[in-house]
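Working notes, beginning with the structure itself.
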Amino acid sequence: VNTAVNTASEPSSMMPPSAWPVVIVAAVVVAPGARARPNARTPPTLKGGPVVDALRQWISAGRPPSPPPCALGGEWTYDLNNYCSYNWTVALSGTLEFGTTCPTDGWTRATGSKPSPTGSFTLTFTDDNGTVVAQKPAVIHPSCHFVDVADGGLYARGPPLPNLGEVEWLRVASGYLLRRAWITADDGTPLLTPGYPTHYNGQWMRDGFYGLFNGRDLLQNTTIAVGSVRWMLSHQRPGSGVMPVMVSPHGDARYGTQCNNSLPGCQDLDNAPFAVFLAVTAVVLQPSLADGLAFFREHAPQLVAAMDSVPRTANGMVYAAPGLFNVGYGFQDSVVKTGEVLYSSVLYANAAEAMALLAETAGGPLLSLVADFQNRSSAIAAVLGPRLWDPSAGLFRASWGGLESDQLDVWGSAAAAIAGLTTPEQEAAIAATFQANPLAVFFEGQVREIPAPDHWEVLKSGHDARDQTYQNGGFWATPHYHVLPLLARHNASFACRLFADTVASFRSHGVNEWVGPFWPNLNAGAPGYIASAANTWAAANLMDQMCYHAGSSIPVE
C-alpha cells in the first residue's frame with residue numbers, strides 16, 4: 001500500500017479512538033532526501049531503554065570506544081554564522097596548512113603543529129606577508145568532526161552549513177549548541193543550561209541528562225560534564241532524599257515546579273529517575289569501567305535515597321497525590337495529573353533497571369540492591385498494561401484513578417514501548433496508531449504530547465487549557481530518542497520521513513523547544529534548545545544507517 005503521509009500539513013480532525021486501528025499499517029512514505037535503505041537491518045529491541053542499553057554496552061566493553069586515527073585533510077568551516085570555509089591539507093612535515101574562501105577574514109593563512117596523542121596542537125595564523133598575527137591552542141575532538149580553539153572558536157568538518165546533508169548538519173548544529181549553552185555558577189562550576197541563547201538560566205536535571213547523555217559523543221570536555229553532574233547531585237535535599245528539578249547559578253535549588261518548595265515532599269516525580277540517568281551519564285563518560293564504578297559507589301547512597309523518596313502505590317506505580325501538585329514529568333510541568341501516572345512510572349522502571357545493573361556490576365555490599373530494584377522495575381511492567389492500556393486507541397492512558405486519566409499519552413506510550421515494558425502486540429499497536437494518524441501526532445516531524453485535537457484538561461501556573469500551544473498542543477523533538485527508534489522497527493520509511501522533516505524544520509526555523517501551526521499566535525518555544533537537538537541526534541546514527549548510505553546523507557536510490 002503506497003500511503004503518502006504529509007507531516008508538515010496543518011492538523012485535521014482525528015478519528016475517534018474507537019475507530020483507530022491497532023494493526024500495523026503497511027505504508028511506504030518516501031521523504032525527499034531520506035529513503036529507507038534496501039534490506040535495511042531492523043534495529044534491535046532495547047531492553048530497558050536507551051540508557052540501560054548504553055550502560056550494558058559500556059560495561060561489556062569495559063572502557064569508552066577508542067576513536068579512529070583522525071585525518072585532518074579536507075574542507076572545514078569556521079565561524080558558522082559567516083560560512084567561512086577552509087581547505088586543510090597536511091604537509092609532509094606533519095603541520096597543517098589551509099587557505100580561506102572568506103576574503104574578509106583577517107586570518108588568511110594558518111599552520112598547525114602536529115597534534116599530540118591527546119589531540120592538542122597550536123594553530124599559528126599569519127597575514128599575507130607571512131607575519132604571525134596570532135597563535136591559538138586547539139584540540140581535535142575525538143570524533144574528528146570538530147576542532148575547538150582555546151578562544152572559543154570552532155571548526156567543523158565539511159562545507160558551510162547550507163551544503164551539508166541532514167545527519168552532518170544535525171551533528172554540527174548539536175555540537176555547536178552543546179558548546180554555547182554553558183554558563184558558570186557562582187562557585188565556578190560550569191553548568192549546561194537548556195539552550196542557547198540562555199532562556200532557562202541554571203542547570204535542570206532532565207535537560208542536563210538529555211544534553212550530556214544523548215550528546216555525549218559531541219561534548220567538548222567530558223571532565224567538565226561530569227563536574228556538572230556532581231554539582232547537581234550535591235544539591236539533594238538533606239533528610240528527604242529529594243533531588244532538585246533545577247539549580248540556579250547561585251546554588252538555589254528548586255525541588256518541584258508547581259508544589260510548595262518549602263515542603264519536604266515537594267518534588268517533580270521524575271527528579272529521581274533523571275538523577276539516576278544523569279549519574280549513568282557520568283559513569284559512561286569515565287575513562288574506564290573502574291572509574292565509572294567508583295563514581296557509582298560514591299553516589300549510590302544518594303541515588304537510593306532519591307528513588308526511595310518517590311511516592312508509589314503498593315503495586316509499585318508512581319503516584320501523584322491530589323492537591324500536592326507534584327509534577328509527573330518535567331516537560332508536562334504545566335499539567336496537573338493525579339493518581340498512578342504513566343510517564344513517571346516508565347521513567348522509574350528504567351531507572352530501577354539501571355540501578356540494578358550498576359549494583360550488580362559494582363558488586364560487594366551493593367549486591368543487596370540488585371533484587372530490590374529489579375523487583376521495582378518488574379512490578380511496574382506487570383501493572384502498566386492492566387492499569388493504563390487502552391486497546392481501542394492503541395495507546396496508554398496518561399494516568400489511572402485521577403486527573404487526566406481519560407487522556408492518551410503519546411510520549412509515554414513510545415517510552416514504554418522502547419523500554420520493553422509492553423507486549424509485542426501493544427508495541428505494534430502504538431506504532432500503527434502513530435502511522436495511521438500522522439496529522440494528529442506530528443508536525444514538521446515533531447511530536448505532540450497527546451493526539452490532536454485533544455488537549456490536557458487541567459493546567460496550572462497561568463496556562464489556559466484552551467490555549468493549545470506549548471505543552472498543550474505544541475510539537476516537540478524531545479521524544480525523538482524514543483519515537484524514531486520505535487517507528488524504525490515497524491516502518492523505516494516513516495521514521496526516515498520524520499527525521500528529514502525535523503531537520504528541515506530546524507534548518508528553516510531554528511532548533512526550538514517546540515513548534516506548531518499557530519501563527520499569528522505564539523508558534524515556537526525557546527530557541528537553541530538542547531533537548532530538541534541532542535534527542536534527535538541520539539537517533540541520527542540509526543537514521544543514517546536506515547535512511548542513507550552509511551556515513552553520508554546521500555539518499556539511496
Q. Assigning unit charges at the beta carbon (Lys, Arg +1; Asp, Glu -1) and nothing else, what dipole magnitude in debye, to the nearest 20, does segment 368-505 show about its Cα centre?
A. 260
Q: State in Å² the accessible area per residue of segment 216-325; use a 1.4 Å probe, count heavy atoms of protein chains only, and round to the nearest integer.
A: 36
Q: May I ask you to order 183-193, 272-282, 243-253, 532-542 by the average number of other C-beta atoms within 10 Å around their residues, highest value first?
A: 272-282, 532-542, 243-253, 183-193
(Q) Treating only the Cα positions of segment 238-340 as identical point scatterers, give the base-10 log of I(q)/I(0) from the Debye formula at each q in 0.14, 0.15, 0.20 Å⁻¹. (A) -0.58, -0.65, -1.02
Q | For peptides 260-271, 380-391, sequence by mean Cβ density within 10 Å, most packed first | A | 260-271, 380-391
Q. Taking H as built 1.01 Å from N, whose amide H comes closer than 5 Å to the amide H of A185, not counting residues under 5 places away?
A. L191
Q.
What are the ³J(HN,Hα) couplings of segment 244-257, residue after residue, when phi is run through the Karplus curve with 6.51, -1.76, 1.60 and θ = phi - 60°? Round to Hz, x for glycine and proline.
A. x, 7, 7, 9, 6, x, 7, x, 7, 9, 10, 9, x, 6
Q) For segment 192-308, which whole-number percentage of the solvent-accessible area (1.4 Å probe, protein heavy atoms only) is attributable to carbon and sulfur atoms? A) 53
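The values are calculated or read from the model by the stated rules, or taken from the named source; none is laboratory data. Keep in mind that what you see is a predicted model, and the values were worked out from it rather than measured. As a convention, Cβ positions derive from the backbone with ideal geometry for all residues, glycine included, and neighbour counts pool all protein chains shown. Just so you know, the surface numbers come from the protein's heavy atoms only, side chains and all, with ligands and any DNA or RNA stripped out. Shrake-Rupley method; radii C 1.70, N 1.55, O 1.52, S 1.80 Å.
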